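Read through the structure below, which is laid out as structure tokens, and then see the notes.
Here, each number is a calculation from the coordinates, and none is a lab measurement. Since the model is a prediction, treat every value here as computed from it, not as a measurement. In this analysis, Cβ positions are derived from the backbone assuming ideal geometry, glycine residues included, and neighbour counts consider all displayed protein chains.
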2 protein chains.
Amino acid sequence: MNKIPYKIYLEESEMPKKWYNVRADMKNKPAPLLNPGTLKPMTAEELEGVFCKELVEQELDDKTPYIDIPREIRDFYKMYRPSPLVRAYCLEEKLGTPAKIYYKFEGNNTSGSHKLNSAIAQAYYAKKQGLKGVTTETGAGQWGTALSMACAYFGLDCRVYMVKCSYEQKPFRREVMRTYGADVTLSPSDTTEVGRKMLEKFPGTGGSLGCAISEAVEAAVSNEGYRYVLGSVLSQVLLHQSVIGLETKAALDKYGVTPDIIIGCAGGGSNLGGLISPFMGEKLRGEKDYRFIAVEPASCPSLTRGVYAYDFCDTGMVCPLAKMYTLGSSFIPSPNHAGGLRYHGMSSVLSQLYDDGLMEAVSVEQTEVFKAAEQFARVEGILPAPESSHAIKVAVDEAMKCKETGEEKTIVFGLTGTGYFDMTAYEKFNNGEMTDYIPTDADLKKGIDGLPKVPANL
Amino acid sequence: MNKIPYKIYLEESEMPKKWYNVRADMKNKPAPLLNPGTLKPMTAEELEGVFCKELVEQELDDKTPYIDIPREIRDFYKMYRPSPLVRAYCLEEKLGTPAKIYYKFEGNNTSGSHKLNSAIAQAYYAKKQGLKGVTTETGAGQWGTALSMACAYFGLDCRVYMVKCSYEQKPFRREVMRTYGADVTLSPSDTTEVGRKMLEKFPGTGGSLGCAISEAVEAAVSNEGYRYVLGSVLSQVLLHQSVIGLETKAALDKYGVTPDIIIGCAGGGSNLGGLISPFMGEKLRGEKDYRFIAVEPASCPSLTRGVYAYDFCDTGMVCPLAKMYTLGSSFIPSPNHAGGLRYHGMSSVLSQLYDDGLMEAVSVEQTEVFKAAEQFARVEGILPAPESSHAIKVAVDEAMKCKETGEEKTIVFGLTGTGYFDMTAYEKFNNGEMTDYIPTDADLKKGIDGLPKVPANL
């Protein structure tokens, strides 16, 4: 008999009551957002034109280690959390590895991913502020779905700009959002200045996350009672997502398990940042040591092949500048890229941790990722999202290294979501038609050359 | 503070170790399957040409109340079970009802429904018998997906005949099955005698569950090392699905809750039968009383408008005769019918219980069902399958009656699955294009007139 169950569920009473803000324990704080005009740090007042008031406070707070989760948000969390920490017994057996593999499964909710953790928080603060609604962008659609659900719950209007090529890959995501009452516009659209310019310049474009962000921001600032919300990248999002890591740590602690390696896929960094935060806190405070691995697609390699510099968060250059590992705001991953993880930059928090050598990063090609996804689906019974499968791939690689060395390492990875809306990509893979594309140095140079000119000391 | 959590999860150690066989407690046993040639009860030997040996034993056993769940099946159950029993606090608040509403949520697995509970059992016995593979049919695709997952786990070949019109509504279901290594053929097909005849007679037909069953049975008996498996209707399936009811009862007992009304959607009866079995056992033994409500679509009303008679289980008339509430094996629901629950008959166990007045049945129209689904999705955060939404609709109706009378009834319903692959139907609903269709008496007469002639005393 195994002492550790297949799935570790915390009791409702064991769920986190506070989020953990890893910035409080960072010696080198993430660089502040800059006003693109003045190149001075954005003030709360400036940010409040775009973002909800309390979220701005969270965005700027790099001192307070724990922040209360309001009761209304905890009540919503109870509908789909705690999420299970699963011991991958079947995968271990299939691989024949002495490694012990765990995954934190965030896909058991209708949005299909971890994005709901921050969506409900952002919707709550918008409601509390008395706003009419929020605007946002969505790529793969996980964030837009999550926000639609959160807005339906609090009775807020929800306007989503969905990247056109993602919509074509995942048509049904739009219907989920509409079922939750959201208004979904394909981006680029003719409803914004930025969108119209983009359509004029690149007729027939499939769009990009950067452009959809610009459209959503424009829609927020030009409509009374609206603010813009974002599902990743921002420090506030990592704060909300810390609920993933806090639950994971509580579940492991309950059984006296200490992980050696913690692995997460990384697009803008919301899941990875949330998963590793409390463990990183221990490392920063010198209490424990862990290996952290960020996994990104070879077709959008911001950490492994980008530069650490101030850049625009969006294509339309209407957002503040953020210091991050970036491929340049004009970078768009190759059209053969399936799934999310297509953002040109990376969370400032994670970028700083990576730059400080506290975290590793690897990039993987999507055909290998889908192979790992298929294997995982067959033995663990969960059809993973392509995004999450990046983490599976590297977890399997690490487990196979243990098989060679005989080491009984404990590996934890984030299984951020399910792939039910990604069947077009799976179909390609099933038909043997999936391809890989790694951008050349020349491809990347174009985006990086377009970075805004910011003094080197910033 | 509420004493009862949002989600009641049993511990792994509290999961059922035996299935419960409600037939053991029935005074009037369900009528036996008949050989269509001799009109004599099918013997084990006759059934073993089509079905796996141990499953035949379970099919014929109406005496043993508890049957051990093999360890291998319990291990698989641990990957996605126990499923949560959810207290629908948010729905109760939204409705303003004094009723207490619970639902047993079976959708948190990749097959998206309760079907996996029986699929893994049937695959296990096929493997144990040393078979190469199994054949089956699928309509909405939940069963086919579940069986594909189960077969992948045990390394069995899996051949699925998928009803053509369902495939067109749910194209991505096929890719999930293929990802699990299943071979999926659209039905009617030219790979079987039955299929070829059907295509000749009705070129361009969208197919039916009854026809797909005939094809799958033909494929099983004409291939060495294959047997046919079925996801509903059969008594063995209800036996496996009793895990739903056993867990529900254990979770309620843990908190001292006794339900007044138990509601389930009913197509072939697998979910409803599984959910109510242990409660029905108490009623049959005179220990407790409950109201049971079967909910069926108005467009396929086997209990509410069918007749209780011996009928073929399939269109091709290759299966044994079963005594059941039926619309006739030639009955095909109107093409506007979305989702599953499209079988012409009903489990013999449930048919007998219904005939004995131990259970009620109601039929509901699909537009009302989708309204309830949307409301539920918005407040409870789960996008329900159209099938499950039939139960939601009636649970809400009963809760609203309590609001009128002030009664604090406890209502339990089965939320059998998620609607992620049903977005074509949701899209229709979102666009205001969903229609209802209730067959006329003349429509139904045709199917019922075609029933096989069996002496009235059988």
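Taking amide H as placed 1.01 Å from N in the peptide plane, the amide H of B:Y255 sits under 5 Å from none that are at least 5 places away or on another chain.
In whole percent, what relative contact order does chain A give with Cα contacts below 8 Å and a gap of six or more residues? It would help to have the intermediate numbers written out before the result.
Numbers: 997 pairs, mean separation 88.4, N = 458.
Normalised by residue count, the contact order of chain A is 19 percent.
Between 0 and 90 degrees, the angle of helix A:209-221 with respect to the longest Cα principal axis of chain A falls at about 50 degrees.
The H on the amide N of B:T138, modeled in the peptide plane, is under 5 Å from the matching H of B:Y161, B:M162, B:V163, each at least 5 residues off or on a different chain. Counting only C-alpha contacts under 8 Å and six or more residues apart, can you give the relative contact order of the range A:263-373 as a whole percent? Value for the range A:263-373: 31 percent.
On the beta carbon distance between B:T43 and B:K132, with R0 = 25 Å, the FRET formula returns roughly 0.50. Rg/Rh for the protein assembly as shown stands at 0.98; both radii use Cα atoms, and Rh follows the Kirkwood definition. Report, in whole Å, the centroid distance computed from the Cα atoms of the range B:115-138 and the range A:252-324. Spelled out, the Cα-based centre of one part sits 43 Å from the other. Note: chain A, Cα convex hull, 136 Å³ per residue.
Take the alpha carbon gyration tensor of the range B:1-67, find the square roots of its eigenvalues, order them as a ≥ b ≥ c, and report rounded if a/c is under 1.5; if not, report prolate when a/b exceeds b/c, else oblate. Here the range B:1-67 falls in the prolate category.
Over the Cα atoms of the range A:41-140, the radius of gyration divided by the Kirkwood radius equals 1.11; this is the Rg/Rh ratio.
The alpha-carbon of B:K446 sits under 18 angstrom from the alpha-carbons of these lysines, leaving out residues fewer than 8 places away in its chain: B:K201.
Over the range A:1-96, what is the relative contact order in whole percent, taking alpha-carbon pairs under 8 Å and six or more residues apart?
Details: 71 pairs, mean separation 47.1, N = 96.
That works out to 49 percent.
A convex hull fitted around the alpha carbon atoms of the range B:190-232 yields 61 Å³ per residue.
Divide the volume of the convex hull around the Cα atoms of the range B:119-199 by the residue count and you get 79 Å³ per residue.
Computed packing ranks the peptides A:224-233, B:265-274, B:283-292, A:328-337 as B:265-274, A:224-233, A:328-337, B:283-292, most packed first, by mean other Cβ atoms within 10 Å. For B:K94, the lysines whose Cα falls under 23 Å of its own Cα, not counting residues fewer than eight places away in the same chain, are A:K78, A:K127, A:K128, A:K132, B:K3, B:K7, B:K104, B:K371, B:K393, B:K401, B:K403, B:K409. Sorted from nearest, the other copies put their A:D190 label points 4.7 nm away, the label point being 7 Å from Cα in the direction of Cβ. Given in Å, the Rg to one decimal and the Dmax to the nearest whole number for the Cα atoms of the range A:338-380 are 14.1, 38.
Eigenvalues of the alpha-carbon gyration tensor of the range B:349-458, scaled by 5 and square-rooted, set the equivalent ellipsoid semi-axes at 30, 22, 13 angstrom, largest first. Our coupling estimate for the range A:257-274, obtained by passing each phi through the Karplus curve with A = 6.51, B = -1.76, C = 1.60 and θ = phi - 60°, is 9, 10, x, 8, 10, 10, 10, x, 6, 9, x, x, x, 5, 6, 4, x, x Hz, Gly and Pro reported as x.
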